[in-house]
Structure formats: structure tokens, C-alpha cells
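The next block holds one structure in the form of C-alpha cells; read it before the comments.
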Amino acid sequence: MVKISRKIIFIFLLVTFFAASMVFTWNFCLNKEDNDNAVNEEISQSPEIQWGQDNIALFFENKRLNLSHHIYYDTNRYYLPVSEIVTELGGKIILENSAVTIILGNKKQFIDLTNNTYTLNNQIFNLKKKVILIDNAVYISLFDFTKLFNLKVTWNIEAKSLSFYYNRDKTVTRQCPATGKPALIRLEDLCSSPFYLSSVSLEKLRIISDYLYSENVPFHVTWIPRYIDPRPSSYADIDISKQYSMANADFLYTLDYLIDRNGVIGLHGYTHQYGYTVSGNGYEFDREKNTVNIPSSKEYAQERIDAAKVTAQRLDVPYTFFTVPHYSLTTKQLLVVQANFNYIYEAYPRHLKRYLYRVKVVKDGDRNIIYVPAPINFLNISNDERDVVNVVKNLNPNVLASFFYHPYLEFDNITLQRGKDGYPSYTYASDSTLHQLVNTLEDKGYRFVKITELK
């Protein structure tokens, strides 16, 4: 029997241990790489289009964040380097198994990358946009970030800053009655005009939606996708799907916010004007009521509708209905509208007075096209839109309780305030026209509904 020296045995064991360690390390690296690849496959590695960058100052609870990563925007929707923000605020972000876990303050948020969802109060919600990985940093859209952690954000367009605060407001949502005659609200003529493209106006719009949400009142918004003012003294041509600005980004954020607050978006033409008229005031289809020669063809109507749809699709803004600007277009153009939309938020225009006051269903093959009027405004003999409160108080029960209201009429009833630490708050007069309309209809036993609930 050959004697084996202790030295040889020691060398053999050392080599064996080293080889085993290498195999373990190799397998660990492979598994880690596979796990990282699985996560990275779920996170979009780069934007589908060329994204822009902007130097916007971020504040969190009145503390300025010093970030090394850029803030990006895609079609006026901001994306924030959340991994760096969370780390700077003392939080933690973990990427593993096709998921992102974010720990910030006393909140722990889990994002399912496969389904693009997150869980809040045992309910599953969809993220507005996909999580993005840029330069090894996790980016999340601004709107999704505020939703994930229940944040309020203040926009300062002039100073190019966004200030985030944990939401200290206590929103108690009123219980909606299970039965009752339907009532509908339509906020009218929302567009990217210079008037609405201010941080003050857009914050007040969001406050109006917060009020309606607290009352459990779904609402409708007629949106004009492109704003045009051809007058030399005030010229403007604003399409937020094509032109970047912080004001445009605030407007799109507000649209997302309104939708999240139970708002239903409808297309109100494409520009709500033609030729040398201004959006919101001019006619877009009816040549007889305009000094310019508006085309009366079906092809023209389809072009304008297509342009409005494309703008909404570029911005990822879902739309449900159509409202003709000033309710004016030719009979053959109306057929084009019917071919494109199942819900038309206006009276059935066949000169039949009874359809000014109730829903009309038009059959088109297997489709039902629903016309929904706003008769409360027709019954208002005053030129002051705020006088509709008196109409509502004496409303005939056989008349559909539907009305439109320009939201800027509420703005004087809302006072914006800031705490010592900058926290945004406000007062909203409880006797405003919108409050009176909602309270009166609720007291009369009406139940606010979405247009899609009407059949």
C-alpha cells in the first residue's frame, strides 16, 4: 500500500475546495444574471421614441432633491428617476422576480412589472405608464409616482419646479344612492388655451374634480384637443401632443388627474373653430353660421374627427363620447359622427322637440348610438350660466337632469393657500354654483351617473 503524505492530501483537499467554490460562484452568477435579465425584460430598457430632458427642480416636503439623473418627458408626460429619489429620501428600492418593491417612509409599495399593476388597500390598480429603466435608474411617470405614495404636487411653471408633499387631506367619499333618476354633469370647453395653461387654473381644475369625487359624482369633460387663436395680437396654435412645455405637461397631468377622479373625457371637435375664428368661440362644421366657408363634406368631417382621435391616442387620453361644437353640423356630417362614436353628448338633432329633454337611441345595425341632451341649459332663459340653479330647483321630473357648465366660473370661489412649509391647501365656497347644483339634485333624489350607464 502506497503511503500518501499529509502534504499531498492537503493540496488535494485545497484544490477540491477551490474547484467547488468556483462552481458555486459560477452557478450563483448565472442565477443572478438570469434573475436580473428577468427583471430587465419586464422593464422597458429605453423609450420607444426620442425622449426629451428638462431641468426641473424637485422638492419633497420642502426639501430640495439633488439628483444626478435627468427628468425625462415623453409627449408631455414626465418620468422621474424614482430609484434615486427614494434613495435620497432614505428609502429603498428592490428589483427582483419581475417586480419592483419601493419602501418610502412608512409605505411599502409592490409593483408587478408583468401586469403593470400595483396594490393599494387590497385593491389592484393599473399603472398609467410602464416602468422604464434608463442608465440603471428606475423611472416612473409623475402621475403614477403621486398615486403610489398618495402625494400632492404643486406645479410652479415660472420657477420650473415640482413640490411633493404627503397628502394630509382627509377625503371622505359620500355614499352614492343605489337608486334615483339619473343626473349628468358636463364640464365644458376644456382646452390648452393660455387661460387654462397656468398652474393656478390647472390646480383649481383639480380641486373641482376633488370636490366632485368627494361627493361621489362622476363627471364629463368636453376637451378641445388643439387650441387655435389666429388673431395676430394673440396668436396661438397649441397641440400638446406635438409641442413640449411645462405648462402643457401640467395640462396633461391634469387630464390624467380628472380621469382618475371619475372624469369621462369626450372630444369636442378637433379645434372648435375654422379659419379666422378662435377655438371655443368659432364653429367647426356648420358653414351657415360662420363667416368663413367651412367645408360641408363628409370627408372634411372625418378628417377633423380623425385628427382629434390621433391627438388623444398620442397622449394616451381615453375618450368616450363626442359633442359637436355649438351642436352645429350638416346632416351628412352627423352620419360621420355616428359612424365613429356610440355616445353623442347632445340632443338628437331632428327638430323633434321631445328629444331636447330625453335620451334618444338610434339603431345602426348591431350598434346602439346614444344621444344624451343637456336640457337644463336649454331651459335657462338667462344668459348667465349660473342661473341654471333655479331651473334645477323647478325641474320637471320628465326632463333628463343633464347640464353643461364652464369650470372657470367656479374659479373665483376657490382660494389657493400655502402653509409655512409650502403645503398646498385651499378654501372652496360651499355656496358656489356647482355646489348648489350638486346639492339641489341630490336633495331631489337624483343619482349622478356616467353617460355609459344610459341605455
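Taken over segment 289-332, the criterion of being assigned to a helix (DSSP H, G or I), in contact with a Ser or Thr (Cβ under 7 Å, 6 or more places away or on another chain) and closer than 30 Å to Lys130 by Cα is satisfied by Thr311, Arg314, Leu315. Among the residues of segment 208-240, those identified as buried (at least 19 other Cβ atoms within 10 Å of the Cβ), out of contact with any Gly (no Cβ under 9 Å at 6 or more places or on another chain) and either in a loop (DSSP other than H, G, I, E, B) or among the hydrophobic types (A, V, I, L, M, F, W, C) (or both) are Ile208, Val217, Ile238, Ile240.
Against the test of being crowded, with 18+ Cβ neighbours inside 10 Å, in the same structural domain as Pro295 (by TED's automatic domain parsing) and at pLDDT below 95, the options Val392, Val337 yield a single qualifying residue, Val392.
Of all residues assigned to segment 408-418, none qualifies as being closer than 23 Å to Thr452 by Cβ and assigned by TED's automatic domain parsing to the domain that holds Ser296.
Filtered by the rule that a residue be more than 25 Å from the chain's Cα centre (by Cα) and not basic (Lys, Arg), segment 59-83 gives Asn62, Leu65, Asn66, Leu67, Ser68, His69. Is it the case, given these coordinates, that Tyr276 is at pLDDT below 95, aromatic (Phe, Trp, Tyr), surrounded by fewer than 22 Cβ atoms within 10 Å (Cβ to Cβ) and in a loop (DSSP other than H, G, I, E, B)? Against the criterion (at pLDDT below 95, aromatic (Phe, Trp, Tyr), surrounded by fewer than 22 Cβ atoms within 10 Å (Cβ to Cβ) and in a loop (DSSP other than H, G, I, E, B)), Tyr276 qualifies. Each residue in segment 380-432 was checked for being within 22 Å of Glu215 (Cα to Cα) and of a type in the set (Lys, Arg), and 2 pass. Tell me, please, whether a residue that is assigned to a helix (DSSP H, G or I) and among the β-branched types (Val, Ile, Thr) can be found in segment 407-416. Looking for residues that are assigned to a helix (DSSP H, G or I) and among the β-branched types (Val, Ile, Thr), one finds none in segment 407-416, hence no. When restricted to residues that are assigned to a strand (DSSP E or B), over 24 Å from Tyr78 (Cα atoms) and not aliphatic (A, V, I, L, M), segment 150-184 contains 2.
The values are calculated or read from the model by the stated rules, or taken from the named source; none is laboratory data. Model, not experiment: these values are computed from the prediction. Here Cβ is always computed from backbone atoms with ideal geometry, including for glycine, and neighbour counts include all displayed protein chains.
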